[in-house]
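Quick notes on the structure that follows.
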């Protein structure tokens, strides 16, 4: 979910978590003129910090969140935390 917090700023939320859960906040996004956006990732590793469009950042966030969920399920199933 994309939440606008300013004229050029958004937050990307993972709505599977409650509002008071820190895991809900995935990234901070800032529009940089007409040619790109910058992303500060709070969840995920090795993700790009610049995208041409917000939708590209949202798509990357969805994949990162999905991967994170898969890794957590795998750790739980093997008894590793």
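The values are calculated or read from the model by the stated rules, or taken from the named source; none is laboratory data. Predicted model, so just to flag it, every value in this text is computed and none were measured. All Cβ positions, even for glycine, are placed from backbone atoms using ideal geometry, and neighbour counts span all protein chains on display.
Given the structure, is residue 58 in a helix (DSSP H, G or I), under 11 Å from the mean Cα position of the chain (by Cα) and modelled with pLDDT of 90 or more?
Considered against the rule, which asks whether it is in a helix (DSSP H, G or I), under 11 Å from the mean Cα position of the chain (by Cα) and modelled with pLDDT of 90 or more, residue 58 comes out as yes.
Going by the structure shown, is residue 9 at negative phi and either surrounded by 15 or more Cβ atoms within 10 Å (Cβ to Cβ) or modelled with pLDDT under 95 (or both)? Reasoning before the result, please.
Working: at negative phi: yes; either surrounded by 15 or more Cβ atoms within 10 Å (Cβ to Cβ) or modelled with pLDDT under 95 (or both): no.
No, not satisfied.
Can you work out which of the residues in segment 32-46 that are modelled with pLDDT of 95 or more and over 17 Å from residue 67 (Cβ atoms) is surrounded by the fewest Cβ atoms within 10 Å (Cβ to Cβ)?
So the residue we want is 40.
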